[in-house]
Structures are given as structure tokens and as C-alpha cells.
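Asks: After the C-alpha cells below, expect a handful of questions from me.
Read-outs: derived from the displayed coordinates by stated rules, not from any lab. Bear in mind that the values here come from a model prediction, so they are computed numbers and not experimental data. Because the Cβ atoms are built from the backbone with ideal geometry, glycine has one as well, and the counts that use them run over all protein chains shown.
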């Protein structure tokens, strides 16, 4: 498997991709079992298909925002490695189907040239952080949530605490009180507020769909913006314990 050292400037990303390439080879040689390999590839955005020999690739688009360069890169990758079709998900990911497992490391490397990641797009991790499609242009928003969603995404990307969670964990940022990103359906949801001139969020937690859907609870009616990340690891750690006990 070729090295991507000459193509990528980020050593952490390069190590991720080379690790995936090495694990694919070990899996093909029978040195890693299916369960062990599944957990690794899911955390790298590589999802199995029913069709033999091909995979679905899930690309994270934090809060649904990308540059023109990133979109063009995704389209080029889809043409090169698949059939040119893109599937946009309800949680602002993009999926590419019918990709050969052997080609997934190079596909990932090509995406990373435009700072597009697959990391933690699937599996029991903090999934894509979704955000309001009106963020920054909504006339009724207290403030633009984009930078807070981006910071949340960056903080948890490759964070050791979310590499082996009991369940997948979904986060959303709405733009106003209409809750246009459906925080009440998420594990952790943020609705922007301003109180006495201070920016903050109403924080919702423990919502979900699945086989037993349930409405989120209010964790805080108002939490200052600089406290949302310090608050989150403590809450998520407790959720890891609860989820594993439920299983």
C-alpha cells in the first residue's frame, strides 16, 4: 500500500489513512477478525453493503457547510471511485456507494486534500455535528451558531473519549426557538439564546428515535457559550456508562 506522505501535510490524518490501509491488508490475510475490523472501519466512515466486495463511504459535512472546492473534490472522488452518484443524508453527511474496499484509503487521502474527513462518520462515536441550514442568514437568530458548531466538531474529532462509546452520539445546533435542527430528537441539542446581553444556549439532552423514540430533556435553560464544551465530556461520559448498561 502506497504512502500518502508526499500528498498530505497533516501527519495525524496521514497516520489515520495508513492505519486503515494496513488494517485492510491484515483483514484480507485473516489476521483480524470481522468484528475487530468492523469497529475500525466504521470509525473511519467505511460502511458495509449487501453487495459483496464494495463499501458505502460516509463523508462528514459539519453543520452542512462546505466550500466550493470541497464540493468539487467530493464530486471528483465520486466519479473516480464510484458511479458519480452522491446521496445526501438527513444529518448533513454525503454518502458514496459501491466503492472497493481496497481503494478506500486512497479515496480518503484524495478527500483530505480539501480538508474533508471520513473520521467518525459511522460507528459508536460522536457523529456529524448538524446545524441549521439558515445559520448566519436567519433574521430571527440571536446569533450565528456556525463557529460554535465548528468548534464542537473540531473538539471531538479523534478525541479519545469518543472512540469506543456504547452507542452512537448525535449533536445538533439550531438557529432560533423554532428548533430547526430538531434538538429534541438528538442526544445533545443546542438552541441559541441571549440573556442579559450574554450569548448562550438552551441545552437539550437524551433525545432519540430508533425502536424506542423519546423526547429530549432540558439540561440547561441557559448555558453560556464558553461552557458548552466543558459541559459536554462530563455528560457524555455518564451517557457511555448508561448506554453500556442498557446493552
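Asks: How much length, in nm to one decimal, is gained on full extension between residue 51 and residue 196, taken as 0.36 nm per residue of separation minus their Cα-Cα distance?
Replies: Answer, rounded to one decimal: 46.5 nm.
Asks: What length, rounded to one decimal in nm, is gained on full extension from residue 72 through to residue 22, with 0.36 nm per residue of separation minus their alpha-carbon distance?
Replies: That pair, residue 72 and residue 22, stretches by 15.2 nm at full extension.
Asks: For residue 102 and residue 11 in one chain, what is 0.36 nm times their gap in residues minus the Cα-Cα distance, to one decimal in nm?
Replies: Working it through step by step, the gained length comes to 30.6 nm.
Asks: Treating only the Cα positions of the chain as identical point scatterers, give the base-10 log of I(q)/I(0) from the Debye formula at each q in 0.08, 0.15 Å⁻¹.
Replies: Debye output, listed in q order: -0.33, -1.08.
Asks: First measure r as the distance between the Cβ atoms of residue 154 and residue 29, then evaluate 1/(1 + (r/R0)^6) with R0 = 35 Å and state the FRET efficiency to the nearest 0.05.
Replies: The computed FRET efficiency comes out at 0.50.
Asks: Same structure, new question: When the helices in the chain are scored as -39500 (n - 2.57) per DSSP H run of 4 or longer and the sum is shared across all residues, what 222 nm value do you end up with, to the nearest 500 deg cm²/dmol?
Replies: -10500 deg cm²/dmol
Asks: Between residue 221 and residue 178, how high is the FRET efficiency from 1/(1 + (r/R0)^6) when r is the Cβ-Cβ distance and R₀ = 22 Å? Nearest 0.05.
Replies: FRET efficiency, residue 221 to residue 178: 0.80.
Asks: Please find, in a Gaussian network model of the chain (springs between Cα atoms separated by less than 10 Å), the residue of 30, 136, 197 whose mean-square fluctuation is greatest.
Replies: 197
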